[in-house]
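Here the structure comes first, spelled out in structure tokens, and everything after it is commentary.
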Amino acid sequence: MRRSSNSIVMIAYAIWVLFPFLYLLVLSLSADWRFPSILPNYIGLKNWAAVLGGETGLVKSFFLSLFISLLVALSSTLCGFLLSRIVNYNKKKNLWTIISYFPYVLAPVVFGACLSYYFLRLGILGTTFGVILAQFFIAFPYAMIFFSPFWTEKTKDYENLVATLRGSLVQKFTKVLFPLSKNLILICFFQTFLISWFEFGLSSIIGVGKVQTLTIQVFLFIKESNFYYGAMSCCLLMLPPVIFIYVNKRYVFNKIL
């Protein structure tokens with residue numbers, strides 16, 4: 001009886017978690033679905049054929065968002081790792097750590113509005129580079145905070161050992177620090193990728209409608225009441241995170257645990 005109750009609870013939990021995703025998938029395959037019809041009048045690949053045919057610009061937005069997110073994740077993870085070492089070995093470590101939290105005090109839209117004037121003067125407002133730089137300002141401090149616990153006395157002892165054995169700075173990073181922190185680097189890369197991938201407010205302000213990322217396309221379709229294309233863009237939006245979560249669980253978390 002108890003096992004049966006547990007099974008019912010787990011099935012209910014699975015339905016509760018998976019229902020929004022399944023609904024979006026069905027909606028992306030549907031057309032002419034109006035109240036009070038329980039099921040759509042059409043289910044097929046017509047909408048997806050239009051997307052792959054380039055009629056909606058979703059494919060272009062998908063690859064643009066992928067390019068931006070990969071570049072932001074790579075640069076912020078690498079810079080965050082290197083600079084977090086300097087910060088955590090500094091005497092004013094606590095002060096610099098507090099400063100790292102400052103970009104998160106403001107909402108992304110407000111932060112973007114503050115940056116927009118300077119980006120306009122630099123001539124990068126409404127450009128892909130401007131969006132990448134703006135998102136870097138958000139992801140980079142996160143990476144610095146994320147790597148802070150790695151720089152312990154034990155890590156410093158490893159660095160001192162390399163110095164004692166007359167190892168170079170390059171050897172210190174390639175032979176010791178990077179191998180020790182490879183799982184943390186992968187996790188930070190995934191996290192900063194997701195920060196960039198789902199970012200909307202900052203991208204909409206800095207992009208000023210010229211940089212059509214996938215998140216902006218989602219809101220445009222919803223604003224136009226085009227729920228079918230909106231559902232398709234949401235499905236595309238979920239694809240990289242699902243892949244990264246699987247890779248994270250399969251190859252990173254299992255090794256840590």
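The values are calculated or read from the model by the stated rules, or taken from the named source; none is laboratory data. Bear in mind the structure is a predicted one, so any value in this text is a computation, not a measurement. Positions of Cβ are backbone-derived with ideal geometry, glycine not excepted, and every protein chain shown enters the neighbour counts.
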From Phe136, Phe147, Phe190, Phe119, residue being closer than 14 Å to Leu78 by Cα, assigned to a helix (DSSP H, G or I) and touching a Leu at 6+ places or on another chain (Cβ under 8 Å): Phe147
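When you scan region 217-231, do you find a residue that is assigned to a helix (DSSP H, G or I), surrounded by fewer than 14 Cβ atoms within 10 Å (Cβ to Cβ), assigned by TED's automatic domain parsing to the domain that holds Gly123 and polar (S, T, N, Q), even just one? Don't jump to the end; show me each part of the working.
Let us first name the residues in region 217-231 that are assigned to a helix (DSSP H, G or I), namely 217-223, 227-231.
From what is left, the residues that are surrounded by fewer than 14 Cβ atoms within 10 Å (Cβ to Cβ) are 219, 223.
After this cut, where a residue has to be assigned by TED's automatic domain parsing to the domain that holds Gly123 as well, the list is 219, 223.
If we keep only those that are polar (S, T, N, Q) too, we end up with none.
So far as region 217-231 goes, no, none of its residues is assigned to a helix (DSSP H, G or I), surrounded by fewer than 14 Cβ atoms within 10 Å (Cβ to Cβ), assigned by TED's automatic domain parsing to the domain that holds Gly123 and polar (S, T, N, Q).
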Answer yes or no as to whether Ser100 is among the polar types (S, T, N, Q), within 13 Å of Ala139 (Cα to Cα) and over 18 Å from the mean Cα position of the chain (by Cα). yes
Would you check if there is a residue in region 40-63 being surrounded by fewer than 13 Cβ atoms within 10 Å (Cβ to Cβ) and within 23 Å of the chain's Cα centre (by Cα)? yes
How many residues, within region 87-113, are surrounded by 12 or more Cβ atoms within 10 Å (Cβ to Cβ) and either among the polar types (S, T, N, Q) or in a helix (DSSP H, G or I) (or both)? 16
